[in-house]
Amino acid sequence: CSCAVPAEVGRALRFLRGESWAFSAMRLTLLVAVATQALDANPITKVVSLIREMKTELEHDGEQEQNVYDKYACWCEKTSASKAKAIDDAKELVDSLADKVRESKGLAASLAGKLATVHASLAQAIEDQETATKAREAEREAFAKEDEKLADAIDQVTKAGGELDSPGAKAKLLAITSKLQAISRSPRLSALQTLEASAPLAVKQAKGIVADMKETFEGNRAANQKVEAEKVRLYKELMLAKGKEIDQARKLVREYEEEVADARQTAARTVESREDTLEQIAADEKFFTDTVASCKEKASDHTSR
C-alpha cells in the first residue's frame, strides 16, 4: 500500500539535497528523531528505514572522503617537505659548483702560466743550441784554417832543413831564407840574409833558425789542437745538457697542455652543471609554490564542508 510521507519529513529531505555530507548527517539524525516521533502516531516504517539508510550511507561516504583527504594531506606534507629539502640541497650544490668553477679556472690560469714559462725555457734552450752550434762551426773553420797553415809551415821548414843538409846549401841559402820569410817574419831570418853566402857560420845559423821555427810551429799546432779538442768536448757536453733540457721541457709542455685542457674542460662542465642546477631549482620552486597553494586550497575547501 502507498504511504504518505509526513510534511515535516518531506521538507527535511528536500532541504538535505543541498547540504554537505557532514552537515547532512547531523540533520539526518535530527530528521530520524522527528520522523520517529511522527511515526509514533502514524506507522510509516519504510520512510524511517530509508532515512536511516541515507544517514548510514552519508556517514560512510564522509569517512571515505576523509580518508582520501587524509592521504592527500599526507602527500602534500611529504611532497612539500621533500621538495623543500631538494631545493635547499640544490642551492648548496650551486654554491659548491661555483667554488669548483673558480678553483678550476684558477688552476687553469696557474697551469697556463707555468706552461708559458716552460715554453720560454724551451725556446731559450733551442736558441742556446743554435747559437752554440754556429759558434762551434765558426771556431772549427778558424781552427781548420790555422791548422792547415801551421801544417804547411811545418812542411816547408822541414823541406828547408833538408835542403840545408844537402850539398850546395851555401849557394841555396839566400833562396831558402827567402822562402822561410814568406811564412815567418823572424828578425833572425832578415839578419841571416845580410850575411855572405860563403860565411862559415851562415848555413849553421840557418839550420838553427829552421829547427827553432819547426819546433815553434809544431808547438803552436799541438796547442791549437788541444784547445780545439777541449772546445769540442765542451760543445758536446753543452749540446747533451741542452738536449736533456729540451726533452724535459717538451715533456712538461705536453703535461701542462693536457692539465690546462683538463682544467678548462672541468670548468666548462661545472659551469654547465651549475646552470642546469639553477634551472632545476627554478622548476622545483615553481612546483613547490604551486603544490603548497593547491594543498592550502583543498584544505580550506575540506574545512568549510
Length gained when the stretch residue 253-residue 78 is fully extended (0.36 nm per residue, less Cα-Cα span): 57.5 nm
In whole Hz, the Karplus estimates of ³J(HN,Hα) for the range 116-123 (6.51, -1.76, 1.60; θ = phi - 60°; x where Gly or Pro) are 5, 5, 5, 4, 5, 5, 4, 4
Rounded to the nearest 0.05, what FRET efficiency is calculated for residue 204 and residue 229 with R0 set to 41 Å and r the Cβ-Cβ distance? 0.60
Given a Förster radius of 25 Å and the C-beta distance between residue 155 and residue 181 as r, what FRET efficiency does 1/(1 + (r/R0)^6) yield to the nearest 0.05? 0.95
Residues of the range 68-88 with the amide nitrogen closer than 12 Å to a label point 7 Å from the Cα of residue 285, along Cα-to-Cβ, please. 87-88
For residue 135, placing the label point 7 angstrom along Cα-to-beta-carbon and taking the range 238-257, residues whose amide nitrogen sits under 17 Å are 238-243
R0 = 22 Å: FRET efficiency of residue 121 with residue 261, Cβ-based, nearest 0.05? 0.60
Solvent-accessible area of residue 227 with every protein chain in place, 1.4 Å probe, in Å² to the nearest 10: 80
Cα-projected label distance for residue 273 with residue 64, points at 7 Å along beta-carbon direction, nm: 5.1
Sorted by accessible surface (1.4 Å probe, heavy atoms of the protein chains only), largest first, 279, 257, 163 come out as 279, 257, 163
30 Å Cα-Cα threshold exceeded, pairs from 226/251; 149/242; 145/179; 114/242; 145/236: 226/251; 149/242
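The values are calculated or read from the model by the stated rules, or taken from the named source; none is laboratory data. Note that the structure is a prediction, hence the values are computed from the model and not measured. No Cβ is skipped: glycine too gets one built from the backbone with ideal geometry, and neighbour counts run over all protein chains shown. These accessible areas exclude ligands, DNA and RNA; they are computed on the full protein's heavy atoms, side chains included. Shrake-Rupley method; radii C 1.70, N 1.55, O 1.52, S 1.80 Å.
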